[in-house]
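Peer 1: This is the structure I have questions about; it appears just below.
Read-outs: derived from the displayed coordinates by stated rules, not from any lab. Just so we're clear, the structure is a prediction, and the values are computed from it rather than from any experiment. Backbone-built Cβ (ideal geometry, glycine too); neighbour counts: all protein chains shown.
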Amino acid sequence: MKTRSQLASAATYLILAGAALLTLAPFAYLVCGAFKTRDAFFAAHFLPRGSGPLGIDWNGLTLEHLARLFTDPSLRFGVSLLNSVFYASVSSVLATLCAAMGGYALARFAFRGRGFVTALVLGALIVPAPLLLAPTYALIHRLGLLDTFAGLIVPGLAPAFGVYLFRQAIRNAVPTDLLEAARMDGCGEVRLFFEIVLPLCRPMLGAFLLITFIGAWNNFIGPQIILQSPERFPLAVAIAQVKGVYGTDYGLLMAGTLVSIVPVMALFIGLQREFIAGLTSGAVKG
Amino acid sequence: MSRARIYPLWAPWLFLAPFVVLFGVFMAYPLISSIGLSLQQTYGPGTSVSVGLKNYADLIRDPLFWIAVRNTALYTAGSLFVQLPIALGLALLLNRPRLRGRAWFRLIFFSPSLVGLVFVATLFGLILHEREGLLNAALARVWPAFPREFPWLQRFVMPALILASLWMYAGFNMIYFLAALQTVDQTLVEAARVDGAGPWHVFRHVTWPAIAPVSGFVALLSVIGSMQLFELPYILLGGPGPESRGLTIVMYLYQNGFETGDLGYAAAIGWVLALFLIGLALVQRALQREALS
């Protein structure tokens with residue numbers, strides 16, 4: 001019996017380690033590819049082997065691709081990086097604020113029309129995003145906002161999913177008695193929200209900020225249809241252009257992909273606890 | 001328990017206002033206007049003529065649309081029958097008691113889902129390259145009989161897409177299964193073991209019934225997401241690919257609306273997809289209700 005469970009345990013670790021290796025291999029391939037010279041690229045799939053320290057051919061490695069991304073004026077990668085940071089930050093902060101306020105109103109106030117708004121929020125959850133592409137594009141065109149950051153950001157600031165998540169989080173984390181006590185002490189409604197409600201739902205705040213930031217960072221179809229000027233393109237659109245134009249310059253393409261995913265990875269590793277908790281809270285408790 | 005209201009009447013509306021206004025303009029209005037749009041033929045966003053139900057009638061007879069439906073259905077089947085079982089398997093392994101390094105494994109498996117589809121597509125464009133790619137080189141080493149220069153992106157587009165999305169989403173779905181497994185009553189599992197039940201029996205009669213609701217939810221989300229596949233084949237193949245093997249419903253919507261400029265036809269495709277997904281969600285909910293009662 002003992003040996004059998006030991007065998008099962010060893011098999012578990014073996015399978016998990018194998019799966020982890022398969023998961024990490026594309027990342028390793030990407031990192032290595034981004035730093036290999038053109039000649040070394042096809043010589044080895046990961047690091048170029050040679051007679052240098054650690055058995056690596058250090059002359060086969062280069063910062064040339066990374067440098068070219070930011071210095072070649074036809075690539076404008078620095079501008080795209082800034083565009084992505086701007087677009088994802090503004091979108092995520094405003095969408096989170098809008099969702100938290102809406103969720104708070106539905107969770108902690110009794111008013112005429114609450115049932116109707118709640119039904120709208122739940123109904124909107126089942127509308128698939130592609131359905132809205134054509135009519136939203138026509139609307140943005142009519143508003144004169146094509147090829148502007150406003151046309152890209154504003155339509156994404158009313159996330160029904162976020163309002164639903166914050167409604168649940170505030171119901172669980174913000175006691176009505178506390179709100180009433182603060183009001184008795186003369187706390188205004190706006191101060192009440194920013195100084196009591198928001199701090200109490202901090203975990204959801206962090207999770208939703210991260211979810212919306214990553215969503216905006218990785219969004220391709222939105223900027224692809226709304227924007228036309230290359231100087232406004234975020235990384236997702238810029239990398240698609242690099243692939244179209246320099247598709248065979250593998251080193252450059254991998255360096256561009258690496259630069260595009262590192263910020264998101266760093267953010268996630270910093271905030272992963274809150275992120276995973278927020279991700280599953282709606283599914284498992286609900 | 002009724003209490004006197006001690007906040008001003010306008011307070012809830014102050015907080016709700018940004019959401020309600022934006023929701024009205026950028027969700028409710030486009031949703032309603034898309035019905036009218038789907039009854040028009042447009043040439044870019046400026047000019048349009050009313051054509052009644054012609055877009056829907058054309059769509060039913062459009063061979064490319066049916067190719068897109070078939071491809072999308074194949075990919076969705078791959079998500080359901082290849083990816084989800086692997087995700088569940090990983091979750092079951094990670095849920096074993098006294099496992100070391102659980103947090104690290106979870107982090108590793110989850111991390112690919114943070115990479116945007118466009119970036120996954122550029123990366124897998126190289127990994128799946130028939131001559132220089134990592135995958136064919138690795139397969140040649142572990143399985144010498146595997147054909148050299150296997151044409152993933154020319155002839156085996158669907159397996160290639162399923163493989164890329166397996167890498168990307170298996171860990172994401174694993175998180176949901178893992179969260180569900182952690183709610184399974186361990187005393188029941190122990191009791192079944194003491195009664196002499198093998199691992200399969202424990203899974204079939206104790207674990208599975210407990211995680212079935214979450215599994216249904218994960219399967220629904222997976223189908224909804226898979227049916228909206230666009231960026232992965234669009235970037236990986238630079239379009240629909242050889243013989244339209246990578247054409248999906250949303251790619252066809254995109255091509256018609258934003259390459260040809262017929263927003264009306266695009267809206268009609270959007271509605272067909274939306275009605276199918278909404279119907280599916282309703283069926284799933286009804287099944288869940290029935291299972292509970």
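Peer 1: Only counting other Cβ atoms within 10 Å, I'd like B:149, B:130 sorted with the fewest neighbours first.
Peer 2: B:149, B:130
Peer 1: Starting from the amide H of residue A:49, placed 1.01 Å from N in the peptide plane, find each other amide H under 5 Å away whose residue is 5 or more places distant or on another chain.
Peer 2: Placed amide hydrogens put A:57 under 5 Å from residue A:49.
Peer 1: Now for a different question. Would you calculate a helix-derived [θ] at 222 nm for chain A, using -39,500 (n - 2.57) for each DSSP H run of n ≥ 4 and dividing by the full residue count, to the nearest 500?
Peer 2: -23000 deg cm²/dmol
Peer 1: Placing +1 at every Lys and Arg Cβ and -1 at every Asp and Glu Cβ, with all other atoms neutral, what dipole size does the stretch A:68-285 have around its Cα centre, in debye to the nearest 20?
Peer 2: In total the dipole reaches around 380 debye.
Peer 1: Continuing with this model, one more query. Could you tally the net charge around residue B:78, taking each other residue with its Cβ under 15 Å from the Cβ of residue B:78, Lys/Arg +1 and Asp/Glu -1?
Peer 2: Overall, the nearby charge balance is +2.
Peer 1: Run the helix sum for chain B: -39,500 (n - 2.57) per DSSP H stretch of 4+ residues, divided by residue count, reported at 222 nm to the nearest 500 deg cm²/dmol.
Peer 2: When only DSSP H runs of four or more count, the value is -19500 deg cm²/dmol.
Peer 1: Go ahead and set up a Gaussian network model of chain B, Cα springs under 10 Å, then flag whichever of B:107, B:22, B:263 fluctuates most.
Peer 2: Fluctuation is largest for B:22.
Peer 1: Now for a different question. Which of rounded, prolate, oblate describes the stretch B:149-259, given a ≥ b ≥ c as roots of the alpha-carbon gyration tensor eigenvalues and a/c under 1.5 marking rounded, otherwise prolate only if a/b is larger than b/c?
Peer 2: Prolate is the answer for the stretch B:149-259, as a/c is 1.5 or above and a/b outweighs b/c.
Peer 1: Right, here's the next one. What is the magnitude of the charge dipole of the protein assembly as shown about its Cα centre, with +1 placed on the Cβ of each Lys and Arg, -1 on the Cβ of each Asp and Glu, and no other charges, expressed in debye to the nearest 20?
Peer 2: The calculation lands at about 1300 debye.
Peer 1: For residue B:155 paired with residue B:77, estimate the spin-label separation in nm (one decimal), with each label point 7 Å from Cα along the Cα-to-Cβ line.
Peer 2: Output for this residue pair reads 2.0 nm.
Peer 1: Let me ask you something else. Hey, got a sec? Which chymotrypsin sites (Phe, Trp or Tyr not before Pro) in the stretch B:108-210 land in a DSSP loop and have at most 16 other Cβ atoms within 10 Å?
Peer 2: B:156
Peer 1: Continuing with the same structure: Run the dipole for the stretch A:131-254 about the Cα centre, Lys and Arg Cβ at +1, Asp and Glu Cβ at -1, nothing else charged, and hand back the magnitude in debye, nearest 20.
Peer 2: About 220 debye.
Peer 1: Per-residue HN-Hα couplings for the stretch A:165-178, Karplus 6.51 cos²θ - 1.76 cosθ + 1.60 at θ = phi - 60°, whole Hz, x for Gly and Pro?
Peer 2: Those phi angles translate into 4, 5, 4, 5, 4, 6, 4, 7, 10, 10, x, 4, 4, 5 Hz.
Peer 1: Order these by the 10 Å Cβ neighbour count, fewest first: A:98, A:32, A:187.
Peer 2: The most exposed by this proxy come first: A:187, A:32, A:98.
Peer 1: Classify the stretch B:54-292: rounded, prolate or oblate, from the alpha-carbon gyration tensor (a ≥ b ≥ c, eigenvalue square roots; a/c under 1.5 rounded; otherwise prolate if a/b is larger than b/c)?
Peer 2: Because a/c hits 1.5 or more and a/b fails to exceed b/c, the stretch B:54-292 counts as oblate.
Peer 1: What net charge do the residues around residue A:103 carry, taking every other residue with its C-beta under 11 Å from that of residue A:103, with Lys and Arg at +1 and Asp and Glu at -1?
Peer 2: Charge balance in the 11 Å sphere: +3.
Peer 1: List the residues, sorted by chain then number, that are 5 or more residues from residue A:62 or on another chain and whose placed amide H is less than 5 Å from its amide H.
Peer 2: A:36, A:37
Peer 1: Dipole of chain B (Lys/Arg Cβ +1, Asp/Glu Cβ -1, origin at the Cα centre): which of B:15, B:49, B:79 lies farthest to the positive side?
Peer 2: After comparing all options, I get B:15.
Peer 1: At 7 Å along the Cα-to-beta-carbon direction for both residue B:193 and residue A:142, put a label point, then send me their distance in nm to one decimal.
Peer 2: 6.4 nm
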